[in-house]
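Structure, as structure tokens:
The values are calculated or read from the model by the stated rules, or taken from the named source; none is laboratory data. From a predicted model like this one, the values you see are computed outputs, not experimental measurements. Counting neighbours? That spans all protein chains shown, and the Cβs are built from the backbone with ideal geometry, glycine included. Note: areas computed on protein heavy atoms with side chains; ligands, DNA, RNA excluded. Shrake-Rupley method; radii C 1.70, N 1.55, O 1.52, S 1.80 Å.
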There are 2 protein chains.
Amino acid sequence: MNGAQLLVKTAKKAGIELCFANVGTTELPIVLALDSESGMRAILGLFEGVCTGAADGYGRMRGKPAMTLLHLGPGLANGIANLHNARRAKTPLVNLIGEHATWHRAADPPLAADIEALAGTVSGWQKTNQSPAALSCDMAEAITASMYGQIATLIVPNNYQWEECTVSEIATPQFSFAPIDRRSIEEAARIMQSSKKAGLIIGGRALRKRGLHAGAHIKAMTQCDVLTTTFPSYIERGTGLLDVKQIPYFPEPAIDMLSRYETVVLAGAKEPVTFFGYSGIPSRLLTDKAQRVEIATDRQDVVEALEYLAGTVGATLDSTIPSNILTEPARPDMPQGDLTAEKVCLTLAAIQPENAIIVDEGLTTSLTYYPLTAGLPPHAFLTVAGGSIGYGMPCAIGAALACPEQPVINLQADGSAMYTIQALWTQAREALDITTLICSNRSYQILKVELAHAGITSIGSNTLSLIELDRPPIDWVKIAEGMGVPAVAVRTAEELAKELRKALADPGPHLIELALAQSSN
Amino acid sequence: MNGAQLLVKTAKKAGIELCFANVGTTELPIVLALDSESGMRAILGLFEGVCTGAADGYGRMRGKPAMTLLHLGPGLANGIANLHNARRAKTPLVNLIGEHATWHRAADPPLAADIEALAGTVSGWQKTNQSPAALSCDMAEAITASMYGQIATLIVPNNYQWEECTVSEIATPQFSFAPIDRRSIEEAARIMQSSKKAGLIIGGRALRKRGLHAGAHIKAMTQCDVLTTTFPSYIERGTGLLDVKQIPYFPEPAIDMLSRYETVVLAGAKEPVTFFGYSGIPSRLLTDKAQRVEIATDRQDVVEALEYLAGTVGATLDSTIPSNILTEPARPDMPQGDLTAEKVCLTLAAIQPENAIIVDEGLTTSLTYYPLTAGLPPHAFLTVAGGSIGYGMPCAIGAALACPEQPVINLQADGSAMYTIQALWTQAREALDITTLICSNRSYQILKVELAHAGITSIGSNTLSLIELDRPPIDWVKIAEGMGVPAVAVRTAEELAKELRKALADPGPHLIELALAQSSN
């Protein structure tokens, strides 16, 4: 057995079945090993950002890692933007990078680069493998590290992939959460109960059913508000679940929302801060006098911590939650006429089916979507956790592969879509059930909003040329068809409704270009 | 004046007129400053790899830097692959990155990342600006550093861009080469003259007319061979110039070629090494007993060094070079019938006009092109210097903007084209005179070649799925049209000839999809 086969065998034994890859010569032994291990599936992305974004989407949905396989420093660099999102989303992800043969590094060949420095910017764990025989332990260690909700990068020299080795045992990941800190949770409970108004900000795994259930009990017992950050990585949402409020993007409404809390309890979420630094506005959105309490670290099980908190404030988890705490069914009416950002959101909310996975990178177009969705049939909602654009289309790939029985709908801004447009090809190759709604406002609309926010009204030609995408207009239908995805353009809410229903009824990928007025958000 | 205006004023005064950009909120003051300084032009790329590749192409053609403007760590990461190529090409390039406001960093907002670590992997010089008033000196220093043929990265905190400052003077770059080392060049001359056979490997600025002229004189006096590396950054080539031989990609023929030299003189080129490490093959292509002499460092003027070497071996630079040293006019005949890789190269060589700029990322398709071109009308030839794919289309943008009077022809592999496919949109927006020839063999053919080279003949389904791009086939005509570039597909040499002539006669961008048999290189 060579090192590559040992690595792949270890991954397979640990339950990894997908490898999102774009490879070169330095990864070929691992590629060949994917074929020598049954049940391993390689998914090609035509750009590494597609691979890493897909691995992010898979990890978010499954809560367990997929692996990537990327070519040297430049291949890793191409994947970093979406690894950045995965890092912020706390997605379990094993990131494999091929490296030149150890004895070849000193020659500084053309493709040599400082892979470790690149990997260090996104990895919670990283290692450069030192021998073929160590590849089993290294891989198991990487998988273990990823399970804490981080990127584990293993750099594997080419010669250690191809060299033969004898190993008696295939290592298995040893993952377990650290015990929760009961005393500090009890202290959090005491503070919540003695506060006039408490906010409970939840994130990560706490946004899944069990965490939401515990959150609902805590809310019922303490009258706290339950919130999440502007860009949650993954949240289960809809009828019968707790309606978790989203903290707004811009600082003024966010500060206004958060100013009411004497106490803020953080469970799987960081203290909220502004997305950018704005002159005269503090970075931290909580008032100085608000008490902050974190009830779980990344090494602890945030769901267990929340359940313990629920018990401590007096809830019985298997008792019925008061009906006013959970959402009731509610769908907006179908809008009519020419599409605006608001009508896009209304139409989607009026139509999306139960169990849909909504991958939202609509940015300014999808601003009004989330509040519409608390009473929809239960569904999953994913956002661009780290703010690095180009996550939506690749993430949809990973989500569709992770949950093939659930339809994926990607609400997608046009400027961001262009970043990883190659993803459409993988959607076509794998015949994934993804409907992409391209919000074509032909601009980086968020920058117009930021300029207006900064009070800048007079915009020169260079600035315009960096913000507007209308010269030439992008023909999304042609681009999608060019990559094998059937596509259609719509101008009205009625057309969108019709085409969205058609796309959802027909398995496989579809793209719908939504022609929005350019002044529309 | 604010810091951003000071920075832009310094760039303009130093002769920088183009800014290849994709920006976010943290760069907006610099964007606004581009409008307050007349003669500054912003070029939008719909992905940062387009911006950095275009800046590389511009710098290679002009020998002076353009600047980029990228958004935070993820924006820089997206640009790194083409910065890697620029680094290997020794392109002068000023790379500007916006950073969060200094006081906002501690909040670790979603888009925060270790920009310095990312920049360190590609930059020969880098600095994080420490005050608005320092932005003039910092920018001048960056420009100076870039002029030595390296990437100079300046990271500029958002608040230092918008804060007002008073500066009495706009700094100017202080660039000058270090003196050449005459004694070591004289020693090189002595060794060359006493060797049975010497090779002179030239690169960088030595591949321009003046360097080639000196090289021709040296060849005439010493009977040395003049060579360049497999992937030269920029070479002037054609009738009346010295025919510089390319060292082959694969190690066996390269070792064979280089084994004949007792002495190898390096002028602006590194000692040749294999592209990857292959089992049983040394990294270094020169034999152990070959003497190596470098006659210029990156801080010295390699052309001056070559001219001094020419004088030292007895040449008079303004004397006539013997006619057998320089190439005579020679064009291949037009081939006929279904396109193969060889016929693509022959057709292009049969047609390309004088002063064409050939941006070659044809990889396996263009293997036979270079040897055909020594006798063509003078033209420029650029390659993927660092081996990081996705350089061709962006590089063509920069070359076309640098030399608007010269037609640009991009011989482009399909798999590589997909990496930075967004470049077509910028070509359309700027109405650039670029003809892209997509070599559509629907595979990462180079990997098939590498597998065959490694003796692997039995290929499993995962391996195939990572190498072949035929399911679904990519419709390049639709993708190009979707981004505003007129396009056509051809199957035969005759059709290619007709469409290439048409495209060259019509200003503005065009794309021609060359349908190659998949087994064709």
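Structure notes:
- Under a 5 Å amide H cut-off, with hydrogens placed 1.01 Å from N, B:Ile151 pairs with B:Gly124, B:Trp125 among residues at least 5 apart or on other chains.
- Just the protein heavy atoms count here, and of the accessible area of the stretch B:1-123 at 1.4 Å, carbon and sulfur take up 46 percent.
- Counted charge near A:Gly337, where neighbours are those whose Cβ lies closer than 12 Å (Asp, Glu -1; Lys, Arg +1): -2
- What a 1.4 Å probe finds exposed on the stretch B:411-503 is 55% carbon and sulfur by accessible area, rounded to a whole percent.
- For B:Ala423, net neighbour charge (Lys/Arg +1, Asp/Glu -1) across residues whose Cβ lies under 13 Å away: -3
- Most to least packed among B:16-22, B:481-487 [average Cβ atoms within 10 Å]: B:16-22, B:481-487
- Residues in the stretch B:68-91 occluded by at least 20 Å² - accessible area, probe radius 1.4 Å, against chain by itself: B:Pro74, B:Ala77, B:Asn78, B:Ile80, B:Ala81, B:His84, B:Arg88
- Going from the chain on its own to the full set of protein chains, the stretch A:101-134 has these residues losing 30 Å² or more of accessible surface (heavy atoms, 1.4 Å probe, no ligands, DNA or RNA): A:Trp103, A:His104, A:Ala107, A:Asp108, A:Pro110, A:Leu111, A:Leu118, A:Thr121.
- Burial order of peptide ranges A:282-291, B:124-133, A:392-401 (average beta-carbon count within 10 Å, highest first): A:392-401, B:124-133, A:282-291
- Solvent exposure of chain B, expressed per residue, is 32 Å² of accessible area, with all protein chains present and a 1.4 angstrom probe.
- The mean number of partner chain beta-carbon atoms within 10 angstrom of a residue's beta-carbon across peptide B:333-342 is 0.
- By accessible area, using a 1.4 Å probe on protein heavy atoms only, the stretch B:231-290 has 54% of its surface on carbon and sulfur.
- Relative contact order of chain B, pairs being alpha-carbon contacts under 8 Å that are 6 or more residues apart, as %: 14 percent
- Interface residues of the stretch B:244-289, defined as those losing at least 20 Å² of solvent-accessible heavy-atom surface relative to the isolated chain (probe radius 1.4 Å), are listed as B:Lys270, B:Val273, B:Phe275, B:Phe276, B:Gly277, B:Ser279, B:Ser283, B:Arg284.
- Here the Karplus relation 6.51 cos²θ - 1.76 cosθ + 1.60, evaluated at θ = phi - 60°, turns the backbone of the stretch B:403-415 into coupling constants of 10, x, 8, 10, x, 9, 10, 9, 8, 10, 5, 5, x Hz, with x for every Gly and Pro.
- If you look at the Cα atoms of the protein assembly as shown, you get an Rg and a Dmax of 29.3, 99 Å.
- Residues of the stretch A:220-237 with amide N under 14 Å of the 7 Å Cα→Cβ point at A:Lys245: A:223-230
- With the helix formula -39500 (n - 2.57) applied to DSSP H stretches of n ≥ 4, the protein assembly as shown reaches a computed 222 nm mean residue ellipticity of -11000 deg cm²/dmol.
- Gyration tensor (alpha-carbon) shape descriptor, the stretch A:4-49, a/c threshold 1.5: oblate
- Position B:Ile459: other-copy label points at 4.8 nm, ordered by increasing distance, label point 7 Å along Cα→C-beta.
- Placing a label point 7 Å from Cα along the Cα-to-Cβ direction at B:Pro371 gives distances to the equivalent points in the other copies of 7.0 nm, listed shortest first.
- Cα gyration tensor shape of chain A, rounded if a/c is under 1.5, else prolate or oblate by comparing a/b with b/c: oblate
- Theoretical FRET efficiency, 1/(1+(r/R0)^6), r = Cβ-Cβ of A:Glu328 and A:Ser131, R0 45 Å, to 0.05: 0.15
- Accessible surface buried once B binds A (1.4 Å probe; total of both sides; Å²): 7800 Å²
- A cut-off of 5 Å between modelled amide H atoms, ignoring neighbours fewer than 5 places along the same chain, links B:Ser233 with B:Gly204.
- 7 Å along Cα→Cβ, label-point gaps from A:Thr102 to other copies, nm, shortest first: 4.5
- Tensor-based shape of the stretch B:9-154 (alpha-carbon gyration tensor, a/c under 1.5 rounded, otherwise prolate or oblate): rounded
- Karplus (6.51, -1.76, 1.60) ³J(HN,Hα), θ = phi - 60°, over the stretch A:448-460, in Hz, Gly and Pro reported as x: 5, 5, 5, 5, 4, 4, 7, x, 9, 10, 8, 10, x
- Using a cutoff of 8 angstrom between alpha carbon atoms and counting only pairs six or more residues apart, the relative contact order for the stretch B:338-403 works out to 36 percent.
- Considering only alpha-carbon pairs that sit under 8 angstrom and 6 or more positions apart, the relative contact order computed for the stretch B:416-521 is 44 percent.
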